[in-house]
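Worksheet: the structure to be examined is printed underneath.
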Amino acid sequence: MAKNLSGELHVASANRLGDGLVVFLDDAGQWTTRLDRAALARDERAAEILLQRAQAEAFGVVDPFLVAVTESEDGTLEPLSLREKIRASGLTFAAIAGEAVRYA
Amino acid sequence: MPDTHFYRYDDYDRALVAERVEQFRDQVQRRLAGELTEEQFKPLRLTNGLYLQLHAYMLRIAIPYGTLSTRQLRHLAAIARKYDRGYGHFTTRQNLQLNWIKLEQAPDAIAMLAEVDMHAIQTSGNVIRNVTADHFAGAAADEIEDPRVWCEIIRQWSTLHPEFSFLPRKFKIAITGSPNDRAAVRVHDIGLRLWANEAGEVGFEVIVGGGLGRTPMIGKTLREFLPKDELLAYLEATLRVYNRYGRRDNIYKARIKILVHEIGVEKMRAEVEAEYAATKDGALKLAPETIEAIARQFAPPPLRPKRTKVPEVEALKLENRAFALWLKSNVAPHRVPGHAIVTASLKPAGAPPGDASAAQMEGVADIADAFSQGEVRVSHEQNLVFPHVAVESLPEVYRALERLGFAEANIGKITDIIACPGLDYCALANARSIPVAQRISNHFAELSRQHDIGDLKIKISGCINACGHHHVGHIGILGVDKNGVELYQLSLGGDVDFGRTALGTILGPAVEADKVVEAVDALVATYLEARQAGERFVDTYRRIGAAPFKERVYGAV
């Protein structure tokens, strides 16, 4: 059963400046491409602090913001919105490979 | 490799583009070093066509009037391979988007573009964007004059034009030189249509204030007949009026279509004509030698008339049904007998519309070198075109396209879907477009059925900005987000054909993503039951109205 249907759980995300990839702020204040390593804010006050930390660590990323997530029983985080799910997981279809001569 | 039959950069063009590459390199270095904030840097990168999307930076490369040499296409493939993930997306504005560019490498990518006289300047921002044209230009049997000459003249005038670098909003111009409009000129900020008057003189109908997006509008005729040499002065007058009166207080009301709508076309015409009267005999009046110098660069390739009935083609037509269908849908008449225009479908069943891998781009370049005078076109319907193919070569071109997966006989059919990148890529989108297009494409993949259904244009946008042109689809599909759920609004009856241009009408409540195919199926079934001889889907819709379609769709889903 996923928690946070009330929208209280958040992680901080941004795009990495050099390559634009989606990153999340971890507990050590580093930006990581792994959602499972993201620092989790469990209430509104913690979310405010997390966003402030993200903005303070914004050198090397673009426009940090909070992403509402759910947490499953085993601790897996998943963004609430489809947009953020796609940001975190990538395309929802298979793109053609560069050397492919046909779309499979 | 054959010579190109279109404009080649001169030293001035090359110097300008090279200078911009170095400026951008310096700007990127300063951003990476923290000397520029994102707020300061964003307008600079956008001016160079570099957007930040959901997952990565996207580089939008201008393909002027949709015309490419094979050298340029191979170079685009090499850039996609070296600096991106090996594929690109051809857009509804005849551009190419690379979706995974790294900021650190973007200056090198645009430097590589400059090697083949290409750039990404003015593919973003509130400026005059890449001018689009009929993708059959210079080849079509129905053409009065090649519109690309005028696109190039406009390109030279509008590139880095100081007065028009901060317009109220972006500005899109399209030109057609044929009575059959393949450039959608009535849904552009300015549409230009070349036509011959009773005296046999060729000039422009100037259409203003068309556009899609949040407030779709069909353009109105500003000037019925404009002599060709007065084009730039008249455009400058129109842009000047827009720049002066266009709204800057509200982004949603800033396009020229809103200005024309609010003050009326008569007032707009009066303003433009007054401005024009004061400037028309100035520096922008085009000298005949200037026009001729540009026109010479678009001189058609020296094609000799050939046999129009070729036994090998006729034989293959009889033995290979897919080839016979391909001849019907993907091959168009050429102005020179014994030659044809071939459209390579970038919509094989289930594929993301408009996407091509680097290997496919190179394959297309090989075909163009062998069979199409080294020239390729990008259509606003997201396909690639070989403009000059001898009829006798059609079997070989077909087989070569089959190997690339681009021989689908579906041009103008239900699976030749226009779709924007949607929520899979785009930071503005509310819903996905490509997976919806893929499901429809797979469902209707059977070619005989597609040809039985006939011409039917489906256009899909993932948000109200309408990059997928859903307003002018025979069936338009607009993705919306309702409380975090993707829903799709259907509209019927849109069209961009000249003289029949129309905006679609919303059918009813939006349907869930997994019901879209069912809904389209219901629309098609209604049409097939009601159609009369020779009617396309949109003709039947116009005759019988929305009610039967509505009843069937909402009964079905």
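The values are calculated or read from the model by the stated rules, or taken from the named source; none is laboratory data. Please read all numbers here as calculations on a predicted model, not as lab measurements. Glycine also receives a Cβ, built like all others from the backbone with ideal geometry; neighbour counts cover every protein chain displayed. Just so you know, the surface numbers come from the protein's heavy atoms only, side chains and all, with ligands and any DNA or RNA stripped out. Shrake-Rupley method; radii C 1.70, N 1.55, O 1.52, S 1.80 Å.
Could you check the stretch B:155-202 and list, in sequence order, the residues that are among the aliphatic types (A, V, I, L, M) and closer than 18 Å to B:Leu231 by Cβ? Break it down into steps so the answer makes sense when it comes.
Of the residues in the stretch B:155-202, the ones among the aliphatic types (A, V, I, L, M) are B:160, B:167, B:173-175, B:183-185, B:187, B:190, B:192, B:194, B:196, B:199, B:202.
Those that are among the aliphatic types (A, V, I, L, M) and closer than 18 Å to B:Leu231 by Cβ: B:Ile173, B:Ala174, B:Ile175, B:Ala183, B:Val185, B:Ile190, B:Leu192, B:Leu194, B:Ala196, B:Val202.
Say we look at the stretch A:74-84 and pick out the residues that are more than 10 Å from every other protein chain (Cβ to nearest Cβ) and under 15 Å from A:Val11 (Cα atoms); which of these is surrounded by the fewest Cβ atoms within 10 Å (Cβ to Cβ)?
Start the filter on the stretch A:74-84 by keeping residues that are more than 10 Å from every other protein chain (Cβ to nearest Cβ), which leaves A:74-79.
Subsequent filtering for residues that are under 15 Å from A:Val11 (Cα atoms) retains A:75-79.
Numbers: A:Gly75: 8, A:Thr76: 12, A:Leu77: 20, A:Glu78: 15, A:Pro79: 20.
Across the stretch A:74-84, the extreme among qualifying residues is A:Gly75.
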- Query: Can you find even one residue in the stretch B:494-504 that is surrounded by 22 or more Cβ atoms within 10 Å (Cβ to Cβ) and aromatic (Phe, Trp, Tyr)?
  - Reply: no
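Of everything in the stretch A:21-36, what is within 14 Å of chain B (Cβ to nearest Cβ) and open to solvent by 20 Å² or more (accessible area, probe 1.4 Å)? Give them in sequence order. Before the answer, list the steps.
Step one: list which residues in the stretch A:21-36 are within 14 Å of chain B (Cβ to nearest Cβ), which gives A:21-24, A:33, A:35.
Matches in the stretch A:21-36: A:Leu21, A:Thr33, A:Leu35.
Here's the yes/no breakdown for (1) at pLDDT 95 or above; (2) out of contact with any Leu (no Cβ under 8 Å at 6 or more places or on another chain); (3) in the same structural domain as B:Leu68 (by TED's automatic domain parsing); (4) surrounded by 15 or more Cβ atoms within 10 Å (Cβ to Cβ):
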{"site": "B:Leu239", "(1), (2), (3), (4)": "yes, no, no, yes"}
{"site": "B:Asp249", "(1), (2), (3), (4)": "yes, yes, no, no"}
{"site": "B:Ile258", "(1), (2), (3), (4)": "yes, yes, no, yes"}
{"site": "B:Glu262", "(1), (2), (3), (4)": "yes, yes, no, no"}
{"site": "B:Val265", "(1), (2), (3), (4)": "yes, no, no, yes"}
{"site": "B:Arg269", "(1), (2), (3), (4)": "yes, no, no, yes"}
{"site": "B:Thr279", "(1), (2), (3), (4)": "no, yes, no, yes"}
{"site": "B:Ala283", "(1), (2), (3), (4)": "no, yes, no, no"}
{"site": "B:Ile291", "(1), (2), (3), (4)": "yes, yes, no, yes"}
- Task: Identify the single condition in (1) under 19 Å from B:Trp100 (Cβ atoms); (2) among the aliphatic types (A, V, I, L, M); (3) in a loop (DSSP other than H, G, I, E, B) that A:Ala88 does not satisfy, given that it satisfies every other one.
- Result: (3)
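Report yes if some residue within the stretch B:343-363 is basic (Lys, Arg) and within 14 Å of chain A (Cβ to nearest Cβ); otherwise report no.
Taking the stretch B:343-363 and keeping what is basic (Lys, Arg), we get B:347.
From what's left, within 14 Å of chain A (Cβ to nearest Cβ): B:347.
Within the stretch B:343-363, one or more residues are basic (Lys, Arg) and within 14 Å of chain A (Cβ to nearest Cβ).
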- Item | Residues satisfying the stated conditions in the stretch B:407-443, i.e. among the charged types (D, E, K, R) and within 8 Å of chain A (Cβ to nearest Cβ) | B:Asp424, B:Arg432
- Do we find that B:Ile477 is touching a residue at least 40 places away in the same chain (Cβ under 8 Å), assigned to a strand (DSSP E or B), within 19 Å of the chain's Cα centre (by Cα) and more than 30 Å from B:Asn320 (Cα to Cα) in this structure? yes
- Query: Limited to the stretch B:183-212, what total is found for residues that are of a type outside the set (D, E, K, R), in contact (Cβ under 8 Å) with a residue 24 or more places away in the chain and open to solvent by 10 Å² or more (accessible area, probe 1.4 Å)?
  - Reply: 7
- Message: Filter the stretch B:1-57 down to the residues that are open to solvent by 70 Å² or more (accessible area, probe 1.4 Å) and aromatic (Phe, Trp, Tyr) and list them by number.
- Response: B:Tyr12
- Query: Out of all the residues in the stretch B:47-74, which are more than 23 Å from A:Thr33 (Cβ to Cβ) and touching a helix residue (DSSP H, G or I) at 6+ places or on another chain (Cβ under 7 Å)?
  - Reply: B:Asn48, B:Ile61, B:Pro64, B:Tyr65, B:Thr67, B:Thr70, B:Leu73, B:Arg74
- Note on the structure: Residues of the stretch B:58-83 being open to solvent by less than 20 Å² (accessible area, probe 1.4 Å), facing another protein chain (nearest Cβ under 10 Å) and more than 20 Å from the chain's Cα centre (by Cα), in sequence order, are B:Ala80
- Query: Looking at the stretch A:37-59, which of its residues are acidic (Asp, Glu) and either open to solvent by less than 50 Å² (accessible area, probe 1.4 Å) or away from chain B (no Cβ under 14 Å) (or both)?
  - Reply: A:Asp43, A:Glu44, A:Glu48
- Query: Somewhere in the stretch B:4-16, is a residue closer than 19 Å to B:Gly363 by Cα, away from chain A (no Cβ under 11 Å) and assigned to a loop (DSSP other than H, G, I, E, B)?
  - Reply: yes
- Query: Within the stretch B:85-108, how many residues turn out to be under 23 Å from the mean Cα position of the chain (by Cα) and under 21 Å from B:Pro64 (Cβ atoms)?
  - Reply: 12
- Single unsatisfied condition, B:Met112 versus (1) surrounded by fewer than 20 Cβ atoms within 10 Å (Cβ to Cβ); (2) under 21 Å from the mean Cα position of the chain (by Cα): (2)
- Any idea how many residues of the stretch B:26-57 are hydrophobic (A, V, I, L, M, F, W, C) and either part of a helix (DSSP H, G or I) or more than 12 Å from chain A (Cβ to nearest Cβ) (or both)? 5
- Query: Among the residues of the stretch B:384-406, is any open to solvent by less than 20 Å² (accessible area, probe 1.4 Å), touching a residue at least 60 places away in the same chain (Cβ under 8 Å) and assigned to a loop (DSSP other than H, G, I, E, B)?
  - Reply: yes
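Just the residues that are acidic (Asp, Glu) and outside any loop (DSSP other than H, G, I, E, B), please, taken from the stretch B:495-546.
The first filter runs over the stretch B:495-546 and keeps only residues acidic (Asp, Glu), leaving B:495, B:497, B:512, B:514, B:518, B:521, B:529, B:535, B:539.
The answer is B:Asp495, B:Glu512, B:Asp514, B:Glu518, B:Asp521, B:Glu529, B:Asp539.
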